[in-house]
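Worksheet: the structure to be examined is printed underneath.
The values are calculated or read from the model by the stated rules, or taken from the named source; none is laboratory data. Worth saying up front: this structure is predicted, and the values here are computed from it rather than measured. Here the Cβ positions follow ideal geometry from the backbone for every residue, glycine too, while neighbour counts run over all protein chains shown. Areas reflect the complete protein model, heavy atoms only, side chains present, ligands, DNA and RNA absent. Shrake-Rupley method; radii C 1.70, N 1.55, O 1.52, S 1.80 Å.
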Amino acid sequence: MVRNINLFLFEMKEGFFIALQSIRANKARSFLTMLGIVIGISSVVSMSTAIKGIDNSFQKGISSLGTDVLYLDKWAWFSNVEFWKLRNRKKITMEQYEKFKSLAVLPLAVAPVTNSRQTVKFENSSVENIFLNGSNSDYVKTTNFTFDMGRFYNDIESKASREVAVIGSEISKKLFPRGDALDKTIKIGGISYRIVGVLSEQGSFILGSFNPDNQVFIPIGTIFKHFAGDMFSTITINIRAQSPALVQETKIEAEGVMRKVRGLSAEEENDFSINQQEGLMDNYNKVVGVIQIAGLFITGLSLFVGAIGIMNIMFVSVKERTKEIGVRKAIGAKRRAILGQFLMESATICLMGGLVGLVIAVLLSLVINRFMPTSIQVSAVFTAIGISLLTGVLAGLAPAYTAAKMDPVDALRYE
Amino acid sequence: MTENIINIEHIAKVYTIGDVKVHALSDVSLRIDKNEYVAIMGPSGSGKSTLMNMLGCLDTPSSGVYDFKARNVSLMTDNDLAAIRNKEIGFVFQTFNLLSRSDALHNVELPLIYAGIGSSERKERAKQALISVGLEDRIHHKPNELSGGQRQRVAIARALVTNPAIILADEPTGNLDSKTGEEIMLLFHEIHKKGNTVILVTHEEYIAKHAARIVRLKDGLIEKDELVPNRYIPNITAAVSENQTD
Ligand SMILES: Nc1ncnc2c1ncn2[C@@H]1O[C@H](COP(=O)(O)OP(=O)(O)OP(=O)(O)O)[C@@H](O)[C@H]1O
Ligand SMILES: [Mg+2]
């Protein structure tokens, strides 16, 4: 038994050296063969890294929305209700918000939110088309915001509709590269606002302009005052539950309270929607699941094409080296040794290709990293190595078997 | 009584190509003992190579019995045959059949690899074998950096390195000029003198005269099996000095 294992290891080792030698002897051909695997592995790894990166960002972004926050809105994020029905719903007003707030007992915080697209300016620099968020001082309680400098605007400022602003980290970076935003005066729509707070990076780039990093927060009354047109738009009521465990109860209560506020009779259906991150998550998972499968399928296909290439070249290689196989057999190589030699050769080629592919994938991920946070997982490295070895063995199997079962006399006679 | 190595009885080898049956060997019986020196002769197509392949366990007969060292080869598996070729038989071919991309040392090492012998012992033995054929200064040369005679010496070193029971050579001088051929024949002479069994195929009477016994084939049959009355013993000193001026 021990002898057999030793013999096996010996054969593996010798097979590996023979393989290395013939790879070195046929550099150009080995390189071309490798190319297929290099492309296959680097695309599979990059793709899975990119998907992982998108996923991480999304998870992070979505968790900045909070698992325990409900969004009471005229609009539904996802629904099968016809669009015209949603459109014909009544808008949610500030009075309804006040009533809702006084009736609901479960929420930790309730805040009205309205938005406007505006341009912010500071001296000669400006950021266009940002999300201007209008709410009240309770808004910050519905988020997990952390601050680089300053604070959120307070109750007095929000009740008095003062011209104060809290800015996201991206906007701060663009307007105040030196990081001295606090107490500076920015202009939005020609009106001056004093900056009372700067958010630290919330890091949810995937949300795009919904990302708090790209937003400016001012009191809701101030929005209504200066952007009068927006007064006619509906508001969203952000409701934060006391804990994630209480989200469901809070939602049920919110539904009842809002029906009461709207004066709906028992037969009427809701004329509002209560959105939550969970729905976003489900939808996201569906979309990303499809992207993932499609992406891995396409890149997997390139790996498969690479494998076919290897099989092809290994067949050519076996044919070309028929005489060599005959010589090896004549001096006592067993079938197993020939089989092992060619399997080892294709596995080694694939492994080398896989490693080169990995290096390329790492370089690619550094490039991708400039657009979104990615990192190559250790598991991806091992999977890639495993896949390239497996590809090598599978692609080499048929050619190696052909070589192993050659008749020595015929092989020697081959010209 | 001398030890018997090869004993074949009523061996035939038939190739079927389409409807035509080619009898490469029709009915051959032959007995070769330890330390014999046999030359096999005959016209082209008479079955010499076929017989050699059979003796070398590269091929199995269509019918008849082949006993190698009292073991029935006809019943052996592929693996058993490979093991016999590896340990008991040393092959020398007309076209050398070296691995062109490997140096002399690696070529000679090859049979030892398949015998499962570790690297350091292997290198030492391969080196010794190369020295014994006079190639100590060509150890790391590749076949294309060697002359025909030197290539054949590498091939002979490869055949000798496992200390086989017999050396089989199919026209070993066929691709060499007569002087180089003579040097190779001197090597075979020495190998035989050390107690080895040597069987070689040749077209040349003067080459065959080096052997002690000549088996003549014709149309797949043994036509004549005779001892050589006036055997040619190569002049060692002359050949060696020639070798040195090489
Ligand atoms: N694989 C094969 N398939 C068909 N016929 C074969 C095969 N091998 C040999 N033969 C036939 O068997 C016969 C003997 O061939 P063999 O090679 O043994 O001759 P030989 O005596 O070695 O000739 P030469 O002196 O030319 O080398 C020939 O007629 C040849 O055509
Ligand atoms: Mg022949």
Matching residues, the stretch B:222-236, being farther than 20 Å from residue B:26 by Cα, open to solvent by 80 Å² or more (accessible area, probe 1.4 Å) and without any contact (Cβ under 8 Å) to a residue 24 or more places away in the chain: B:227, B:229, B:230, B:235
Scanning the stretch A:211-270 for residues that are in a helix (DSSP H, G or I) and under 28 Å from the mean Cα position of the chain (by Cα) gives A:212, A:213, A:214, A:244, A:245, A:247, A:248
Given the condition in a strand (DSSP E or B), basic (Lys, Arg) and within 16 Å of ligand 2 (Cβ to nearest atom), answer yes or no: does some residue in the stretch B:220-231 qualify? no
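One line per residue, one yes/no per condition, for (1) facing chain A (nearest Cβ under 10 Å); (2) open to solvent by 50 Å² or more (accessible area, probe 1.4 Å); (3) in a helix (DSSP H, G or I):
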residue	(1), (2), (3)
B:58	yes, no, no
B:65	no, yes, no
B:79	yes, yes, yes
B:85	yes, no, yes
B:97	yes, no, no
B:102	yes, no, no
B:107	yes, no, yes
Using the structure shown, decide if residue B:216 is at pLDDT 95 or above, within 16 Å of ligand 2 (Cβ to nearest atom) and open to solvent by 10 Å² or more (accessible area, probe 1.4 Å). yes
Scan the stretch A:294-314 and tell me whether some residue there is among the aliphatic types (A, V, I, L, M), closer than 30 Å to residue A:75 by Cβ and open to solvent by 30 Å² or more (accessible area, probe 1.4 Å). yes
Please determine, by comparing only the residues of the stretch B:1-26 that are open to solvent by 70 Å² or more (accessible area, probe 1.4 Å), in a strand (DSSP E or B) and touching a residue at least 12 places away in the same chain (Cβ under 8 Å), which one is farthest from ligand 1 (Cβ to nearest atom). B:9
Inspect the stretch B:80-97 for any residue being within 11 Å of ligand 1 (Cβ to nearest atom) and either farther than 24 Å from residue B:214 by Cβ or not charged (D, E, K, R) (or both) and give the result as yes or no. yes
Can you find a residue in the stretch A:76-88 that is open to solvent by 40 Å² or more (accessible area, probe 1.4 Å), within 25 Å of residue A:253 (Cα to Cα), in the same structural domain as residue A:222 (by TED's automatic domain parsing) and in a helix (DSSP H, G or I)? yes
Filter the stretch A:256-281 down to the residues that are in contact (Cβ under 8 Å) with a residue 24 or more places away in the chain and open to solvent by 50 Å² or more (accessible area, probe 1.4 Å) and list them by number. A:260, A:278
Which count do you get for residues in the stretch A:6-28 that are polar (S, T, N, Q) and more than 8 Å from chain B (Cβ to nearest Cβ)? 2
By residue number, the members of the stretch B:109-157 that are in contact (Cβ under 8 Å) with a residue 60 or more places away in the chain and of a type in the set (S, T, N, Q) are B:152
Suppose the filter is in the same structural domain as residue A:259 (by TED's automatic domain parsing), out of contact with any helix residue (DSSP H, G or I) (no Cβ under 7 Å at 6 or more places or on another chain), open to solvent by 20 Å² or more (accessible area, probe 1.4 Å) and part of a strand (DSSP E or B); does residue A:102 pass it? no
Away from ligand 2 (no atom under 16 Å from the Cβ), surrounded by 22 or more Cβ atoms within 10 Å (Cβ to Cβ) and away from chain A (no Cβ under 14 Å): is that true of residue B:198 in this structure? yes
Residue A:328 - would you say it is in a helix (DSSP H, G or I) and touching an Asp or Glu at 6+ places or on another chain (Cβ under 9 Å)? no
So, residue B:171, is that one among the charged types (D, E, K, R), free of Cβ contacts under 8 Å to residues at least 60 places away in the same chain and touching a Ser or Thr at 6+ places or on another chain (Cβ under 9 Å) or not? no
Does residue B:74 satisfy the condition of being open to solvent by 40 Å² or more (accessible area, probe 1.4 Å), more than 12 Å from every other protein chain (Cβ to nearest Cβ), in contact with a Ser or Thr (Cβ under 9 Å, 6 or more places away or on another chain) and not aliphatic (A, V, I, L, M)? yes
For the stretch B:27-56: of the residues being assigned to a strand (DSSP E or B) and more than 27 Å from residue A:327 (Cβ to Cβ), which is farthest from ligand 1 (Cβ to nearest atom)? B:33
Scan the stretch A:370-382 and tell me whether some residue there is open to solvent by 40 Å² or more (accessible area, probe 1.4 Å), more than 14 Å from chain B (Cβ to nearest Cβ) and of a type in the set (Lys, Arg). yes
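Quick grid of which residues meet (1) in a helix (DSSP H, G or I); (2) under 15 Å from residue B:162 (Cβ atoms); (3) within 13 Å of chain A (Cβ to nearest Cβ):
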{"site": "B:112", "(1), (2), (3)": "yes, yes, yes"}
{"site": "B:116", "(1), (2), (3)": "no, yes, yes"}
{"site": "B:127", "(1), (2), (3)": "yes, yes, no"}
{"site": "B:136", "(1), (2), (3)": "no, no, no"}
{"site": "B:139", "(1), (2), (3)": "no, no, no"}
{"site": "B:144", "(1), (2), (3)": "yes, no, yes"}
On the basis of being touching a residue at least 60 places away in the same chain (Cβ under 8 Å), within 14 Å of chain A (Cβ to nearest Cβ) and aliphatic (A, V, I, L, M), does residue B:30 make the cut? no
Can you find a residue in the stretch B:35-47 that is surrounded by fewer than 21 Cβ atoms within 10 Å (Cβ to Cβ) and within 13 Å of chain A (Cβ to nearest Cβ)? no
Do we have residue A:405 as in contact (Cβ under 8 Å) with a residue 12 or more places away in the chain, among the basic types (Lys, Arg) and assigned by TED's automatic domain parsing to the domain that holds residue A:36 here? yes
Could you tell me whether any residue of the stretch A:244-255 is open to solvent by less than 30 Å² (accessible area, probe 1.4 Å) and either within 14 Å of chain B (Cβ to nearest Cβ) or modelled with pLDDT of 90 or more (or both)? yes
For the stretch A:117-159, how many residues are among the hydrophobic types (A, V, I, L, M, F, W, C), touching a helix residue (DSSP H, G or I) at 6+ places or on another chain (Cβ under 8 Å) and surrounded by fewer than 15 Cβ atoms within 10 Å (Cβ to Cβ)? 0
What is the number of the single condition among (1) away from chain B (no Cβ under 14 Å); (2) touching a residue at least 40 places away in the same chain (Cβ under 8 Å) that residue A:337 does not meet? (1)
Any idea which of A:345, A:320 is open to solvent by 10 Å² or more (accessible area, probe 1.4 Å), within 14 Å of another protein chain (Cβ to nearest Cβ) and among the acidic types (Asp, Glu)? A:320
